[in-house]
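Each remark here refers to the structure printed beneath this line.
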Amino acid sequence: MPTLAARGITVGPIAAIDVEAYAGQVTLVAVEGGQRADFLSLMLSGRMAPKAGVVELDGREDPKGLRNRVAIVDAPDTSAPADELPLAEVVMEELVFAGLRAPRRAMRKLLADEGLSDLASTTMGHLPAEVRTRVLTRTAAARKDVDILIIAIPDRHGGDIAAWSDTAHAWAARGYTVIVLASAAAIDAARR
């Protein structure tokens with residue numbers, strides 16, 4: 001049984017779409033344009049009701065469960081940090097949302113663990129794409145109860161497709177259900 005299943009969901013500019021995502025796997029979903037990724041991620045996470053169709057968590061409709069268990073990573077108009085914010089500030093804020101105690105110390109540890117201490121003052125808009133996706137995915141996964149990650153159009157930042165694909169697969173290997181919303185071209189390249 002899929003951890004998350006959407007059948008015929010649609011809203012706004014989104015044509016009806018089906019998604020089945022399983023724990024320990026990466027599910028690639030083709031979307032074109034940031035707004036579509038935002039709408040789709042909001043519907044899949046229980047934060048927006050679809051105009052039609054249904055989203056199920058572990059085989060049943062559970063919007064509250066979706067909101068608790070699904071984290072949206074870097075969706076353009078939903079969860080993406082402003083480009084002018086420094087990496088350290090964004091990481092610390094995300095760790096505050098995750099409910100971690102001593103978020104400043106946790107931020108320094110996270111950046112050190114990732115080998116990014118020297119980039120702490122670099123603004124989000126100037127980070128390499130693979131760093132941005134890796135760090136934002138890790139901070140999203142730090143939230144209590146989150147076991148489903150929706151990574152929204154990481155290909156919009158450029159960079160190596162293998163880098164965001166590796167990040168997605170690394171979190172799936174930890175048992176997370178990972179959904180990547182990306183352009184059809186990026187998905188084709190990631191599957192090669």
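The values are calculated or read from the model by the stated rules, or taken from the named source; none is laboratory data. It should be emphasised that the depicted structure is a prediction, and the values quoted were computed from it without experimental measurement. Note that we place each Cβ from the backbone using ideal geometry, even for glycine, and neighbour counts take in every protein chain shown.
Suppose the filter is in contact with a Leu (Cβ under 9 Å, 6 or more places away or on another chain) and either closer than 20 Å to S41 by Cα or among the aromatic types (F, W, Y) (or both); does A106 pass it?
No.
Could you please let me know if A88 is modelled with pLDDT of 95 or more, surrounded by fewer than 17 Cβ atoms within 10 Å (Cβ to Cβ) and of a type outside the set (V, I, T)?
no
Considering region 30-46 alone, what residues qualify as being outside any helix (DSSP H, G or I), buried (at least 20 other Cβ atoms within 10 Å of the Cβ) and not small (G, A, S)?
V31
Return the residue satisfying two criteria in turn: it lies in region 47-85 and is within 14 Å of the chain's Cα centre (by Cα) and of a type in the set (G, A, S), and of such residues it is surrounded by the most Cβ atoms within 10 Å (Cβ to Cβ).
A71
Inside region 94-132, can you point out the residues that are under 21 Å from the mean Cα position of the chain (by Cα), farther than 20 Å from A71 by Cβ and part of a helix (DSSP H, G or I)?
Residues satisfying the conditions are G125, H126.
For the condition outside any loop (DSSP other than H, G, I, E, B) and modelled with pLDDT of 95 or more, what is the one hit in A162, A140?
Going through A162, A140 in turn, just one is outside any loop (DSSP other than H, G, I, E, B) and modelled with pLDDT of 95 or more: A140.
So, in region 133-168, exactly how many residues are out of contact with any helix residue (DSSP H, G or I) (no Cβ under 7 Å at 6 or more places or on another chain) and either at positive phi or surrounded by fewer than 16 Cβ atoms within 10 Å (Cβ to Cβ) (or both)?
So the answer is 3.
Give region 91-108 a look and list any residue that's of a type in the set (K, R) and surrounded by 14 or more Cβ atoms within 10 Å (Cβ to Cβ), or say none.
Residue satisfying the conditions is R108 alone.
So G53 fits all but one of (1) farther than 26 Å from D155 by Cα; (2) in contact (Cβ under 8 Å) with a residue 60 or more places away in the chain; what number is the exception?
Going through (1) farther than 26 Å from D155 by Cα; (2) in contact (Cβ under 8 Å) with a residue 60 or more places away in the chain one by one, G53 breaks only (2).
Kindly list the number of the only condition in (1) crowded, with 16+ Cβ neighbours inside 10 Å; (2) in contact with a Leu (Cβ under 8 Å, 6 or more places away or on another chain) that fails for S117.
It is condition (1) that S117 fails.
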